[in-house]
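Just so it is clear, none of the values below were taken in a lab; they were calculated from the coordinates. The model shown is predicted, which means the values in this text are computed figures rather than measured ones. Cβ sites come from the backbone with ideal geometry, for glycine too, and all protein chains shown count toward neighbours.
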Amino acid sequence: MLLKDKLAAQIPGLREDISNFIKAHGDKEISKVTVAQAYGGMRGVKGMVCDTSEVPPDKGLIIRELPIGDIAEKLPEEIFFLLCTGELPNKAELADLQKEFAARCEVPAYVWKVLEAMPKDSHPMAMLDTAILVMEKESKFRAGYDKGMKKTEYWEPMLEDSLDILAKLPNIAAGMYRMRFNKGPRIAPKKDLDWGANYAHMLGLADPKGTLADLMRLYLTLHSDHEGGNVSAHACHCVASALSDAYYAVSAGLNGLAGPLHGLANQECLAWVLETHKKFGGVPSDEDLRKFAWDTLKSGKVIPGYGHAVLRITDPRFTAFLAFGKKHMSDDPIFTIVRKVFEIVPGVLTEQGKAKDPWPNVDAGSGALLYHYGMTEFPYYTVLFSVSRAMGMCSQMVVSRAMGYPIERPKSLPTKVIKKMVGA
Ligand code: AMX
């Protein structure tokens, strides 16, 4: 496998580089922690390493030196290769990776049986995470560990598990969609389609203009990674640092993505947009929308899709979705509201003065695009996000095992000790 060959060639040099770096600079300080940060979700504390991507507050997502806006048109498979190796694949490397995905995409029959046995009103995220966890017995990492593989070899079965999971995810996610929302029998994958197009094909949505595959590719590329400190990446990294295999770790990360302040925001965001549509009987006026935004804030709720823990600009991923919408559905009323919300809400949040970032994040527009294609089941939206974000989580785990990073174990303190430390 060409991806594995490339990693095998890179890893010894990377290990040596980091080992020398720690030897030469290991005692230097890169962050300090205040009392407010300890109580404030560690926001801004620099205490983790993530080489797959970074999110400068004033630029947005950069994957291995490439701004997301410059690579939004790339295939998700290309992005996975980039995340793992720092390089976009050449033609042969891409074809080889796609061959690996096609060869591994079959979902074990027991997964469907478990999903079918779940209560009919289970949240799709609970179903997805169960499906991943139930496949844990397939883990090559755990099998290798049980046989006593060497630490320097950990990354290889971690890559194998990652490819197995990623290859199956669109298949599981699409099958689950059809099962959970009574869309009829599962649709078999087409092995000659790329990852995103195959996912679009297996969902079985009406696609008269033939553009759904483009949206899926864009969606999967844009959500792929967002550095290491967000809830899902961090949860996944932490679990895997205990040498739990990729099935345990990806499932754990996605459980975090299911939270309304994280990945679930896209479902909540579209619900908010549709609420305005219903309340005002169509596209609201600027004044109506401004008032509705204020009413939301005054009722103690957040405006979903706006604000970010790190970003301080309009998320370039939102910009890419907006461009797609302008091109393919400029007269769609729901998309029109999304555009209007973008004109009004940053001003409202700025006036309120609480949110540090009044600008739209990735979730502010993506739901409206899916809705346009007839995917009206909001609870499913975070599943799409998950299929994509699994690429980031998996690539981060491969890198972490390749570099031999240790178990994660920050130090916590009781309030009384912190008070004593600062003389309170
Ligand atoms: N609407 C209303 N209030 C908001 C807000 C929003 N969109 N964004 C932030 N605020 C509020 C916070 O709730 C907080 O209020 P508090 O002091 O009363 O607790 C205050 O502004 C300061 O928050 P912050 O430092 O700017 O943000 P944060 O780092 O604590 O939280 C986030 C970041 C994303 C959770 C927050 O902006 C939010 O809740 N946004 C709406 C939900 C959302 O869109 N989530 C998706 C994020 C992207 C993703 O992971 N998919």
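Could you give P(r) for segment 43-161, binned at 5 Å from zero, as whole percent values over all Cα-Cα pairs? With a bin width of 5 Å, the distribution comes to 2, 8, 13, 13, 15, 18, 16, 11, 4, 0.
Taking every alpha-carbon pair within segment 112-173, the share separated by more than 17 Å comes to 47 percent. Projecting the Cα atoms of 396, 364, 415 onto the dipole axis of segment 363-417, where Lys and Arg carry +1 and Asp and Glu carry -1 at the beta carbon, places 415 farthest toward the positive end. Basic side chains Lys and Arg get +1 at the Cβ, acidic Asp and Glu get -1 at the Cβ, and with that the dipole of the chain about its Cα centre reaches some 1100 debye.
Within a straight-line Cα-Cα reach of under 15 Å, residue 301 can be paired with the following aspartates and glutamates, leaving aside sequence neighbours fewer than 8 residues apart in one chain: 268, 275.
How large is the Kirkwood hydrodynamic radius of segment 1-98, in angstrom, based on all distinct alpha carbon pairs? Present the calculation step by step, with values, prior to reporting the outcome.
Values: mean 1/r = 0.0621 Å⁻¹.
Computed over segment 1-98, the radius equals 16.1 Å.
Could you list the GluC sites (Glu not before Pro) in segment 1-76 that lie in coil according to DSSP, counting only those with at most 16 other Cβ atoms within 10 Å of their Cβ? Of the GluC sites (Glu not before Pro), the ones in loops of segment 1-76 whose Cβ has at most 16 other Cβ atoms within 10 Å are 29, 65, 73. Taking a ≥ b ≥ c as the square roots of the Cα gyration tensor eigenvalues, with a/c under 1.5 meaning rounded and otherwise prolate when a/b beats b/c, else oblate, which class fits the chain? The shape class here is oblate. A straight Cα-to-Cα reach below 22 Å connects residue 32 with the lysines 23, 46, 356, 411, 416, 419, 420, residues fewer than 8 places away in its own chain not being considered.
Over segment 324-420, the ratio between the Cα radius of gyration and 2.2 N^0.38 Å evaluates to 1.64. Hey, any idea what Rg/Rh is for segment 227-321, computing Rh the Kirkwood way over Cα pairs? Reported Rg/Rh, Kirkwood definition of Rh: 1.11. Using only the C-alpha atoms, the convex hull of segment 126-269 corresponds to 133 Å³ per residue.
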